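The values are calculated or read from the model by the stated rules, or taken from the named source; none is laboratory data. Keep in mind the model is a prediction, meaning the values are calculated, not measured. Methodologically, a virtual Cβ is constructed for each residue, glycine included, from the backbone with ideal geometry; neighbour enumeration extends over all protein chains shown.
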Amino acid sequence: MATVPTCCNCFANGYSDEKMKVTQTTIPGLLILEPRVFGDERGFFLESYNEKTMAEIGIRDRFVQDNHSYSARNVLRGLHYQMQHPQGKLVRVITGEILDVAVDVRRSSPAFGKWEAVTLSGENKRILWLPPGFAHGFRVVSETAHVMYKATDFYTPQSERSILWNDPDLKIDWKLDGEPLVSAKDQQGVRFSQAEVFE
């Protein structure tokens, strides 16, 4: 079972060291990471992943797969998760901007059924950590966006689940600017009330 960092005092108002700033969201375990950026007239350098740094902030999961998606403006992907092979995800945007959404599907969590939306962009360089037990989706805000994420388990189609992006009970505010572009597969997602969830 994957290790999920718990909410503690060090995350309450953001934890800073020379490598990473960590901010706890309103949902336990869901973290916003801000790596230290070194920039000058030539450009910038940042460390997007360091196993030791992640372990120091409580993320000790092993990552086995890197994914890269390219999408146009108003493309909306999600809400996806896997049951038998749950994935923790480190999500970041290389270029462009997205509204990234995480829904807590852990029945034992005090935030079960709650969602959080975080703006990730090539400019702000934030990284979102979603521990196993979250449904994930995003909408592209910019003209295009390149999104990369590391996963703690392999993609397994037979264990994939999808919750309807516009579920009336979740009431997610996607901050829509026009009609979203949603795949036929995602349009067939189930209502949250009918979704298979984690205990």
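Give me the residue from the range 186-199 that is outside any loop (DSSP other than H, G, I, E, B) and in contact with a Lys or Arg (Cβ under 9 Å, 6 or more places away or on another chain) and, out of that set, surrounded by the fewest Cβ atoms within 10 Å (Cβ to Cβ).
Initially, the range 186-199 is screened for residues outside any loop (DSSP other than H, G, I, E, B), giving 186-187, 190, 192-194, 198.
Still in the list and also in contact with a Lys or Arg (Cβ under 9 Å, 6 or more places away or on another chain): 186, 190, 198.
Working: Asp186: 19, Val190: 13, Phe198: 16.
Here the residue is Val190.
Out of the range 153-185, which residues are crowded, with 18+ Cβ neighbours inside 10 Å and either among the hydroxyl-bearing types (Ser, Thr, Tyr) or touching a Phe, Trp or Tyr at 6+ places or on another chain (Cβ under 6 Å) (or both)?
Residues satisfying the conditions are Ser162, Ile163, Asp167, Leu170, Ile172.
May I ask you to verify whether Arg139 is of a type in the set (Lys, Arg), closer than 19 Å to Asn67 by Cβ, buried (at least 20 other Cβ atoms within 10 Å of the Cβ) and in contact (Cβ under 8 Å) with a residue 60 or more places away in the chain?
yes
Mind checking which residues of the range 27-58 are in a loop (DSSP other than H, G, I, E, B) and in contact with a strand residue (DSSP E or B) (Cβ under 6 Å, 6 or more places away or on another chain)?
Ile27, Leu30, Glu47, Ile57
Please verify whether the range 2-19 includes one or more residues that are at pLDDT 90 or above and either part of a helix (DSSP H, G or I) or not aliphatic (A, V, I, L, M) (or both).
First, pick out the residues of the range 2-19 that are at pLDDT 90 or above: none.
No - not one qualifying residue is present in the range 2-19.
Condition first: within 14 Å of the chain's Cα centre (by Cα), of a type in the set (Asp, Glu), surrounded by fewer than 21 Cβ atoms within 10 Å (Cβ to Cβ) and under 21 Å from Met54 (Cβ atoms). Can you find one or more residues in the range 96-107 that meet it?
no
Just to be sure I understand, how many residues within the range 89-121 are touching a Pro at 6+ places or on another chain (Cβ under 9 Å) and closer than 13 Å to Ala135 by Cβ?
5
Which pairs turn up if I take residues in the range 102-120 that are closer than 19 Å to Val190 by Cα and in contact (Cβ under 8 Å) with a residue 60 or more places away in the chain and look for partners that are hydroxyl-bearing (Ser, Thr, Tyr) and part of a strand (DSSP E or B) with beta carbon separation below 9 Å, at least 6 apart in sequence or on another chain?
As it stands, the answer is Val103/Tyr81; Val105/Tyr81, since those pairs meet every condition given.
For the range 37-55, which positions are of a type outside the set (A, V, I, L, M) and touching a Lys or Arg at 6+ places or on another chain (Cβ under 8 Å)?
The first filter runs over the range 37-55 and keeps only residues of a type outside the set (A, V, I, L, M), leaving 38-45, 47-53.
Those that are of a type outside the set (A, V, I, L, M) and touching a Lys or Arg at 6+ places or on another chain (Cβ under 8 Å): Glu47, Ser48, Tyr49, Asn50, Thr53.
Might you check whether a residue that is at pLDDT below 95, farther than 25 Å from Lys171 by Cβ and surrounded by fewer than 17 Cβ atoms within 10 Å (Cβ to Cβ) occurs anywhere in the range 61-73?
no
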